[in-house]
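Read the figures in this text as sums done on the coordinates, not as results from a lab. These numbers come from a predicted model, not from an experiment. Reconstructed Cβ throughout: ideal geometry from the backbone, glycine too, with neighbour counts over all protein chains shown.
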Amino acid sequence: MLSNRRSFSIILVILMIFSSMGVFADNNGKGKVSMEDMDLSGLKWVEEPSFGEFKNKKFEVHGKLEIPKECKGTTIVKLEVNGFNVVPMKDGSFSKSIFINSEVYIKVFVGKDEVKDLAKTLVYLEDSTNVDKVIAMIDALPDMEDLKLSDKESVEEARLAYENLTDLEKKAVTNLDKLIAALEKIEHLEEEAQDKYFFPTIYMNVPEPMGIFNYSNIHFEGYVTNVKYLDKILVDNNEADLEYLEYAEVKNLAGNIVYRGSAYKFNITLELEDKAHAIYVEAISQSGQRGGFARRFWVDTTAPELNITVKDREVTSDTAELEINMKDMFGYLRLYEFDSHIYLYDRNYSYPVDETMTWSVSLDIGENVFPYTLVDGAGNKTTKEITIIREEDNQPYIEKVIYQKTNHPNPHQYSLYGVKNLPGDHYRLYAKTKTGEVIEPEFTTATPITSWARWTTLKVAPEDIVNFDVGIYTKDKYNKYTEVLKMTNIPFYYDN
């Protein structure tokens, strides 16, 4: 509020002027020092210049600088207010009375060189109603990062209101830079919205394409270029976090740099279920243009199913057959016995697998333990251990009767082969022929089982024999033979 019953609204206009390089003497006067060689980041306004008391047709102009220690000696900081030199106080504050003028120019010097980005211009108006309205309209516009094509009408209204100001009023609009930036952005968005060939460039190495993951929290990370004003990135319709980078180096999966420059970096983590996924990644510009692609991969957190059954067998058998059933929701499986790879299923990965195989194992007498591990395409494992007992075979057994050709006068001579657990020590053969006859041995005595020097002699041609019955005998000390077992249909081996 000013005297003489006149109300003045004082508007501070900040002029952003690029500083030029200055050269001046150093603190000791021993040489020239460039302002660029000094750290002037601490030199700044802490109280913006403004008008104070109005008295005797003069305004008081005051403000306050923060002056760093580097600015001392011959590099003392001073000001110029409408051409008048002003030296700030020790605390950086200054005050200067000047006659009424529509504009007041304030410059800051370090030594003899001006720090142009600290220059200020003060403007006063007797009636600031129109200016205040324009400033309010510009302030109401969204911030530049949020401004969209849908805000065009509000931007145009602010521009028209500014154009209707007088030249002096225009100088009093303190947020003109925001209006200019908004107009430039709206123009760009309009052009982009009409571009039929617009398409954003999206670089995304995470998750890896066609990857198989055994965890459900999948991280998406990448870069978007070729879009000046990106509104958002949607990953499976979920909005990702965005960060604008003035400079980025983007690499492909091989580690080669494929892009250098400004970019938007995005990332998001989604919890996904076990299945084949085609996640759509979409970049949306503030112009409304959009484009994207689908990233395909698989999530599999479930271990495969392994079922093993031992088929029916003789408890004394030296082998066993296993029926192995393998299941998984995706079409890749590897089966291991101990550390040996024994089976591979590798077909269309997106389809489930349900396979059964028969596998034979050899058995030692006693306990036999076989570990099996089934691994799916994601690395999930299922392990099962099968234990099979093989009992010792105590049953009488003759594998076959063989024909042995010798120099004996009667060449039709036969003996036992593959003998086990026989309850006697002698035997007699009874040949069963093709005609149904049973031919008994020539001698009434039994042949020692352990003697390979003696054979049973039969008066029958070997080609006429089908198989044998075998009598097992014991012999006591009186040379009496007693049949203790009759084994029938023993196979006959004859090689003529």
Query raised in the report: In degrees from 0 to 90, rounded to the nearest 10, what is the angle of the helix 176-193 Cα long axis to the longest principal axis of the chain?
Result: 40
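Could you work out the relative contact order of the chain? I mean the mean sequence separation of Cα pairs under 8 Å and 6+ apart, divided by the number of residues, in percent.
Taking the mean separation of contacting Cα pairs over the length of the chain, I get 8 percent.
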Report task. Using the structure shown, list the pairs from LYS69/LYS90; LYS311/LYS420; LYS44/LYS120; LYS400/LYS420 with a Cα-Cα distance above 20 Å, or answer none. Result -> LYS311/LYS420
Query raised in the report: Taking only the alpha-carbon positions of the stretch 129-193 and ignoring solvent, what does the Debye formula give for the base-10 log of I(q)/I(0) at q = 0.25 Å⁻¹?
Result: -1.03
Query raised in the report: Given charges of +1 on the Cβ of Lys and Arg and -1 on the Cβ of Asp and Glu, with all other atoms neutral, how large is the dipole of the chain about its Cα centre, in debye to the nearest 20?
Result: 1160
Report summary line: Charge tally for neighbours of LYS64 with beta carbon under 12 Å away, counting Lys, Arg as +1 and Asp, Glu as -1, is -2
Query raised in the report: To the nearest 10 degrees, how steep is helix 152-163 against the longest Cα principal axis of the chain, on a 0 to 90 scale?
Result: 20
Requested in this report: Please report, in whole Å, how far the alpha carbons of the chain spread along each principal axis, starting with the longest.
Outcome: 161, 58, 36
Query raised in the report: How long is the stretch 64-171 along each principal axis, judged by its Cα atoms, biggest number first, in Å?
Result: 56, 35, 21
Query raised in the report: Can you list the aspartates and glutamates whose alpha carbon is less than 14 Å from that of LYS384, not counting same-chain residues fewer than 8 positions off?
Result: GLU305, GLU323, GLU337, ASP339
Query - Helix 129-140 axis, angle to the chain major axis (alpha carbon atoms, nearest 10°) - result: 10
Query raised in the report: Normalised by the residues of the stretch 201-299, what does the relative contact order come to in percent, with Cα pairs under 8 Å and at least six apart?
Result: 35
Query raised in the report: Hey, rough spin-label estimate for LYS405 and GLU246, points 7 angstrom out along Cα→Cβ, what's it come to in nanometres?
Result: 10.3
**Report entry** Computed label-point distance, nm, for sites LYS90 and SER360 using a 7 Å Cα→Cβ extension
**Finding:** 10.6
Query raised in the report: For LEU168, what charge total do you get from the other residues with a beta carbon under 14 Å from its beta carbon, if Lys and Arg give +1 and Asp and Glu give -1?
Result: -3
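So how do VAL299, VAL315 line up by other beta-carbon neighbours within 10 Å, fewest first?
Sorted ascending by nearby Cβ count, the order is VAL315, VAL299.
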Report summary line: Simple SL model, points at 7 angstrom along Cα→Cβ for LEU160 and ARG290; separation in nm is 3.2
Requested in this report: Counting residues in the stretch 166-239 as N, plug N into 2.2 N^0.38 Å and put the Cα Rg over that result.
Outcome: 1.80
Report summary line: Any residue on another chain or 5+ positions along whose placed amide H is under 5 Å from the amide H of VAL484 is listed here as ILE472, TYR473, THR474
Query - Counted charge near LYS232, where neighbours are those whose Cβ lies closer than 12 Å (Asp, Glu -1; Lys, Arg +1) - result: -4
Report task. Give the cross-link partners of LYS148 among the lysines, using a straight C-alpha distance below 23 Å as the criterion and excluding same-chain residues fewer than 8 apart. Result -> LYS133, LYS178, LYS185, LYS196, LYS228, LYS232, LYS265
Report summary line: Counting sequence-distant residues (5 or more places) and residues on other chains, those with an amide H built under 5 Å from that of GLY211 are TRP298
**Report entry** Enclosed volume per residue, in Å³, of the convex hull spanned by Cα atoms of the stretch 201-299
**Finding:** 87
Query - Residues of type aspartates and glutamates that LYS432 reaches as a straight line, Cα spacing below 20 Å, ignoring anything fewer than 8 places off in the same chain - result: GLU399, GLU440, GLU442, GLU463, ASP464, ASP469, GLU483, ASP495
Report task. Could you pull out the trypsin sites (Lys or Arg not before Pro) across the stretch 64-140 that fall in loop regions by DSSP (anything but H, G, I, E, B) with no more than 10 other Cβ atoms inside 10 Å? Result -> LYS69, LYS90
Query - Linear extension gain, GLU70 paired with VAL315, 0.36 nm per residue minus alpha-carbon span - result: 78.4 nm
Report task. List, in order, the whole-Hz ³J(HN,Hα) value for each residue of the stretch 65-70 obtained from phi through the Karplus relation with A = 6.51, B = -1.76, C = 1.60 and θ = phi - 60°; use x for Gly and Pro. Result -> 9, 9, 10, x, 5, 5
Query raised in the report: Under 5 Å between amide H atoms, partner at least 5 residues away or on a different chain: which partners does VAL115 have, H built in plane at 1.01 Å?
Result: VAL108, PHE109, VAL110
